[in-house]
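To start, the structure itself, in structure tokens.
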Amino acid sequence: MEALTLDELTMAVKGDYTAIRRVTRLDALGEKVFPPTYEGGEYAEEQRQVRNEKGAVQTVETVLLDSVQSQANRLELALLRAYRGGRLKMPMLVVDFATDGSDATLAEVGPITALEAPHRMCDAIFRDATYRDAPYKDQPFRATGPGEKLNSAKATAATSVFELCPTALIFGFWDSAGPRGGLGAKVQRALVSEIVGYQASKDGKRPASRIDPLQIENNVEIYAKQGGGWTFDPTQARTDPAGQAVTLRPSEINHGNVTPSLRHEDKATKKSVLNHGGVTLAYAEQQTVLSLAALRRLRFPVNKATRVEIDLAARTVLAALGLAAICFLDEDGYDLRSRCLLDGKPGVSQFVGRGATRDFELEADAAADLVAKAAAKAKGVGLPWPEEALVLQPSPDLSHLVVESRRRSMAAAAGG
């Protein structure tokens, strides 16, 4: 099996294949794993039909271990780590909340990139940011300059997105926070990945307990203190609307033992429910698909003219960037959350199209090299590919909103 070359990737993007697919078989490191929980404390379980080793179709119980959205976030963060580590060069959109460091709260927030924002370059964080440097200093990002070009972006005119946030063309976006609101541009995901556990058994039980080394009991009366905290002095106590001192139990300020139990009180229903007990699996699979057909729907006009070679060059860059995300995520491993650690040898990458497949090899540094070579070709035909980040600053109102929100949250926590 040979390593993938840029020429081979270009031909695949041009139309030789429909997609790039990889299936990775994973095993749980530990007898049980804990899937994510959703509204109502439920696991995402369903029955799926799979083919066994003999090719026969059978129905098995499955549970979702990492959703498409979660995998997309992990892939983006893998790219961000490679970018910050100097292993990958690409356009990057940033809002730097730290600015001059004079505000401790904003300095703590620091820089936020389009790879971290939930809606990528269309997020309200960028909408409510301003340019930091000339010639557009202090102007709203979406009102002028490069940001204004995003207002007319769409699948058939994606050059501005390619210039500012090319990963949005891989992971998808909806410009609902832009000037057109719900009518803003939409581009589907081209890279989709999820991790599913197969032959899942969910009858696990999980005890909850805590032993307090101080052996504090709940039979001591204390008071909620004015301004936050607690006190023994009733004259310093916070009062309720009737003017009575608000009393607390030690367990309400996180002191004392927690009796071993298999149940807890659901905060929404106030009913006693079983603790989530995890699941046992026969195996798990990560299925990853990069749709070359989706990339072929994108157009990249330069100087208002669309040319076949320009479109192909941009799509090839995006395909290489998607492959780089997959490879860099491999280096991070599969520690999905507490007590959900998986491991397995990365599956074979293959081109898929018209019922045929062709395997190829690719590792992270080679994928980054493909991105660099594809980007150089794209720049050669006139496409913008800035490798220096475009750094914005939060507007004064956004800065005030962040600071005030955090101040009130801290005050509420102290008061509680």
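Quick note: the coordinates plus some simple rules give every number you see, no bench work behind them. A quick note: this is a predicted structure, and the numbers were derived from the prediction, not measured. No Cβ is skipped: glycine too gets one built from the backbone with ideal geometry, and neighbour counts run over all protein chains shown.
Odds and ends about this structure:
- Relative contact order of the range 208-261, taken over Cα pairs closer than 8 Å and 6 or more residues apart, is 48 percent.
- Per-selection Kirkwood Rh - the chain (Cα, Å, 1 d.p.): 24.9 Å
- Spatially proximal aspartates and glutamates relative to Lys377 (Cα-Cα < 12 Å; intrachain offsets below 8 disregarded): Asp7, Glu309, Asp311
- Anisotropy class of the range 104-246 from Cα gyration tensor, a/c 1.5 cut: oblate
- Degrees, to the nearest 10: 396-415 long Cα axis against longest axis of the chain: 30 degrees
- Fully extended contour minus Cα-Cα distance, from Asp332 to Asn73, at 0.36 nm per residue: 92.0 nm
- When you work out D = kT/(6 pi eta Rh) for the range 208-261 at 25 °C and 0.890 mPa s, using the Kirkwood radius from C-alpha pairs as Rh and the Stokes-Einstein form, the result is 204 µm²/s.
- Rounded to 10°, Cα long-axis angle of helix 308-332 versus longest principal axis of the chain: 40 degrees
- Entries of Lys345/Lys373; Lys89/Lys149; Lys14/Lys186; Lys186/Lys345; Lys89/Lys304; Lys137/Lys373 with Cα pairs more than 25 Å apart: Lys345/Lys373; Lys186/Lys345; Lys89/Lys304; Lys137/Lys373
- Amide hydrogen neighbours beyond the local backbone of Gly256, cut-off 5 Å, H modeled: Ile216
- Computed on the chain, with alpha-carbon pairs under 8 angstrom and 6+ residues apart, the relative contact order is 30 percent.
- Tilt relative to the chain, helix 68-84 - C-alpha long axis, 0 to 90 degrees, to 10: 70 degrees
- Translational diffusion coefficient of the range 46-182 (Stokes-Einstein, Kirkwood radius from Cα pairs, 10 °C, 1.306 mPa s): 91 µm²/s.
- Length-normalised contact order for the range 1-122 - Cα pairs under 8 Å, 6+ apart - percent: 13 percent
- Net length available on complete extension from Ser152 to Leu341 is 63.7 nm, with 0.36 nm assigned per residue and the Cα-Cα distance removed.
- Extension gain (nm, one decimal) between Arg25 and Asn218, 0.36 nm per residue minus Cα-Cα: 64.5 nm
- Using a simple spin-label model with pseudo-atoms 7 Å out from Cα toward Cβ, Glu361 and Arg48 lie 2.9 nm apart.
- Here each label is just a point 7 Å from Cα along the line to Cβ, and for Ser201 and Thr37 those points are 2.2 nm apart.
- DSSP beta bridges in the chain [antiparallel fraction, %, rounded to 5]: 95 percent
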